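Let me begin by presenting the structure, written as structure tokens, before commenting on it.
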Amino acid sequence: MAENVDDLRREMAALSERVSQLEAMAGESEVAHSASPVVDEEQFWALTGLQSRLGDHPATADGAVMMVGSLTLPDGAPVVWQQGAGTSGMWETDWSDQAATFAALGHPVRLELLRQILSGVHATAELAQTASLGTTGQLHHHLRQLVAAGWVKQSGRGSYEVPATRIVPLLVCMVGAER
């Protein structure tokens, strides 16, 4: 009987170790979702900081969402950005107001345009040399869509840039779209 108990303990320890490894593999994409989620403060350090401030304002009493980023663009330019919003009343607002902003990201050529611009290609003439962006007419059509949605702005005659305030939100959308 003692041997069976020892075997059971070893199997439980091995099972516990495998569960720990699976949880570690989930890494940053792990989502705690329950009535009172237990949060690993080291892994979810940003979330812990956000939760510690929820009671500071009535708009965050029911919760808050936040996006933050600190990066260096391929051209060496540093970008830092933080944006947050309380979730109070968020369920009652009309989300369709954001449809055009998301729709502008819904075309592969526009995503490639954004990637090219963030990589340092700003001039329309240079962008037109990228075969995957289509004809000059198509290029201008896609640029107009991105400008109208606020993802891109004209920085001079025939030159475009992604506004600093849109870089981290764009990258957050890209990360959020991963499966």
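Just give me the residues in region 62-112 being in a strand (DSSP E or B) and open to solvent by less than 40 Å² (accessible area, probe 1.4 Å), in sequence order. Give the derivation first.
Within region 62-112, the subset in a strand (DSSP E or B) is 64-72, 78-86.
ALA64, GLY69, VAL79, GLY86 - these are the residues of region 62-112 that are in a strand (DSSP E or B) and open to solvent by less than 40 Å² (accessible area, probe 1.4 Å).
I need the full set of residues from region 122-179 which are among the basic types (Lys, Arg) and either part of a helix (DSSP H, G or I) or surrounded by 12 or more Cβ atoms within 10 Å (Cβ to Cβ) (or both), in order please. Full working, then the answer.
First pass over region 122-179, keeping only residues among the basic types (Lys, Arg): 144, 153, 157, 166, 179.
Hits for region 122-179 are ARG144, LYS153, ARG166.
Go through the residues of region 93-111 one by one and say whether even a single one is in contact with a Cys (Cβ under 7 Å, 6 or more places away or on another chain) and in contact (Cβ under 8 Å) with a residue 60 or more places away in the chain.
Just the residues of region 93-111 that are in contact with a Cys (Cβ under 7 Å, 6 or more places away or on another chain), to begin with: 105.
With in contact (Cβ under 8 Å) with a residue 60 or more places away in the chain added as a condition, the list becomes 105.
Yes: one or more hits.
The values are calculated or read from the model by the stated rules, or taken from the named source; none is laboratory data. Not measured: the values here are computed from a predicted model. Neighbour counts run over all protein chains shown; Cβ positions are idealised from the backbone, glycine included. Side chains included, ligands, DNA and RNA excluded: accessible areas come from the protein's heavy atoms. Shrake-Rupley method; radii C 1.70, N 1.55, O 1.52, S 1.80 Å.
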